[in-house]
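**Q** Got a structure for you, questions after.
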Amino acid sequence: MIAEETRKLPLNLSKEKNIDLYRKMLEIRCFEEKVFELYAQNLVPGTIHLYTGEEAVAVGVCGNLRKDDYITSTHRGHGHCIAKGAQPKRVMAEILGKKTGYCKGKGGSMHIADFKVGMLGATAVVGAGLPIAMGAGLSIKLRRTDNVVACFFGDGASNQGTFHEAINMAAVWKLPVIFVCENNVYAMGTRQSTVMLVKNVADRAVAYGIPGVAVDGNDVLAVYEAAQKAVEMARKGEGPTLIECKTYRHKGHSRIDPAKYRPKEEVEDWLRNDPIKRFKERLLETNVVMEAEIQQIERKVSAEIEEAAKFAMESSYPAAEEALQDVYA
Ligand SMILES: Cc1ncc(C[n+]2csc(CCOP(=O)(O)OP(=O)(O)O)c2C)c(N)n1
Ligand SMILES: [Mg+2]
């Protein structure tokens, strides 16, 4: 469901910040399109779950985080990594299984981690990131720093037991965690409204005694604003927030899914509400940026992603003798 009202003016953010949000979303979009292209050329081992269409969530949330804050991620995690500050070329190399990748090519698309930018890791086990984020929140509390953790998970994950366990514990101990549900309407082919009777995942926050807020997840400023409040609270030691971002994945669940279960009109409606297109229109309408600047950003991002793909394709695979290094075996 898309919020009808579109706010006319960008938040009270600097021009640089607005451009940064736009550029990051575009970077993720171009990155995902390139991954798809490389996948079609049979260069990506395993499968991929593209983040296309959901960029405003990762960018709006991570736009409030410092480098020393943390995130946890999911099987649909390339966008989270890039939004948190990971280098696209090393994310790309990881996806292609190359040794220049963040996990030396042994993690692949669904298991990227980069502790240097606070990316604690993606996990393909649905709902597994929630207790990890809660644990990271406990560690922050014990170390008495003012860091925070943002935990990304899907609507499907919100029906896992880990959702209840992690949020309840984080609430009781007032841990600095921002639980971010990316409600993209489906968990694989299962429509969310057929497996959940409450209207919003965010409504469940009341059961834990914490704030719950549902926002238009295709409006990067709405996400930014909700996350800003949650991050401020968490930094002050006032505990977690549950933010639900209503969004949509443009593609199927994974690359083998033609997504025939989705009504044509629904897909068209969401494509019209593309978060990047919407934000660009808003920036232009409000004269925050001029068309020429937008074109310059687009050219730069496109060149950067081409460069990332070249880097990944030209990198070597790990040697066979290294197969058992850096892994539990
Ligand atoms: C514990 C567990 N159960 C089932 C699966 C298979 N599976 C992979 S992704 C997925 C759907 C997840 O949906 P959601 O949480 O909404 O995330 P989305 O894919 O929509 O981003 C399922 C069921 C899994 N990986 N882990
Ligand atoms: Mg989903």
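**Q** Leaving out ligands and nucleic acids, note down the accessible area per residue over the chain with a 1.4 angstrom probe, in whole Å².
**A** Details: 14830 Å² over 329 residues.
Per-residue accessible area for the chain comes out at 45 Å².
**Q** Once Lys and Arg get +1 and Asp and Glu get -1 on their Cβ, which of 302, 142, 194 lies farthest toward the positive end of the dipole of the chain?
**A** Toward the positive end, the furthest listed residue is 142.
**Q** Putting +1 on Lys and Arg Cβ atoms and -1 on Asp and Glu Cβ atoms, find which of 214, 227, 173 reaches farthest to the positive end of the dipole of segment 96-237.
**A** 173
**Q** Of all beta bridges DSSP finds with both residues in segment 15-315, what is the antiparallel percent, to the nearest 5?
**A** Values: 3 of 25 bridges.
Of the beta bridges lying entirely in segment 15-315, close to 10 percent run antiparallel.
**Q** I would also like to ask the following. Hey, which lysines would be in cross-link range of residue 300, C-alpha to C-alpha under 24 Å, not counting anything within fewer than 8 residues on its own chain?
**A** Within reach: 15, 17, 24, 34, 67, 84, 89, 277, 280, 310.
**Q** Starting from the Cα of residue 292, step 7 Å along the direction of its Cβ; do the same at residue 268; then give the gap between the two resulting points in nm.
**A** 3.8
**Q** Helix-only estimate, please: 222 nm mean residue ellipticity of the chain, summing -39500 (n - 2.57) across DSSP H runs of length 4 or more and dividing by its residues, to the nearest 500.
**A** Theoretical 222 nm ellipticity from helices: -13000 deg cm²/dmol.
**Q** A further question follows. Between rounded, prolate and oblate, where does the chain land on the alpha carbon gyration tensor, with a ≥ b ≥ c its root eigenvalues, rounded for a/c under 1.5, else prolate if a/b exceeds b/c?
**A** The shape class here is rounded.
**Q** Just tell me, in residue order, which DSSP H segments of the chain are both 18 angstrom or longer along the helix axis (alpha-carbon based) and at least 1.0 in mean Kyte-Doolittle hydropathy.
**A** Span-like helices, by this rule, are absent here.
**Q** Any chance you could run the full-extension gain for residue 15 through residue 325? It's 0.36 nm times the residue separation minus the Cα-Cα distance, nm to one decimal.
**A** That pair, residue 15 and residue 325, stretches by 107.0 nm at full extension.
**Q** With a 1.4 Å probe and all protein chains kept in place, how much accessible area does residue 327 have, in Å² rounded to the nearest 10?
**A** It works out to around 60 Å².
**Q** Provide the gained length on full extension for the span residue 125 to residue 236, in nm with one decimal, where the gain is 0.36 nm per separating residue minus the Cα-Cα distance.
**A** Working: separation 111, 0.36 × 111 = 39.96 nm, distance 3.12 nm.
Full extension from residue 125 to residue 236 adds 36.8 nm.
**Q** Let me ask you something else. How would 245, 103 rank on accessible area, largest to smallest, probe 1.4 Å?
**A** Solvent-accessible surface, decreasing: 103, 245.
**Q** Could you please put 262, 144, 249 in sequence from largest to smallest accessible area, using a 1.4 Å probe?
**A** 144, 262, 249
**Q** If you don't mind, there's one more thing I want to ask. In terms of Cα to Cα distance under 19 Å, which aspartates and glutamates are near enough to residue 106, apart from those fewer than 8 places away along the same chain?
**A** Those aspartates and glutamates meeting the cut-off are 94, 114, 314, 321, 322, 326.
**Q** Determine the gain in length on full extension of the stretch residue 87-residue 168; use 0.36 nm per residue of separation and subtract their C-alpha separation, reporting nm with one decimal.
**A** Once the chain is fully extended between residue 87 and residue 168, it gains 25.8 nm.
The values are calculated or read from the model by the stated rules, or taken from the named source; none is laboratory data. Note that the structure is predicted; figures quoted are calculated from it, not measured. With ideal geometry, Cβ positions are generated from the backbone for all residues, glycine too; neighbour counts draw on all protein chains shown. With ligands, DNA and RNA removed, areas are computed over all heavy atoms of the protein, side chains included. Shrake-Rupley method; radii C 1.70, N 1.55, O 1.52, S 1.80 Å.
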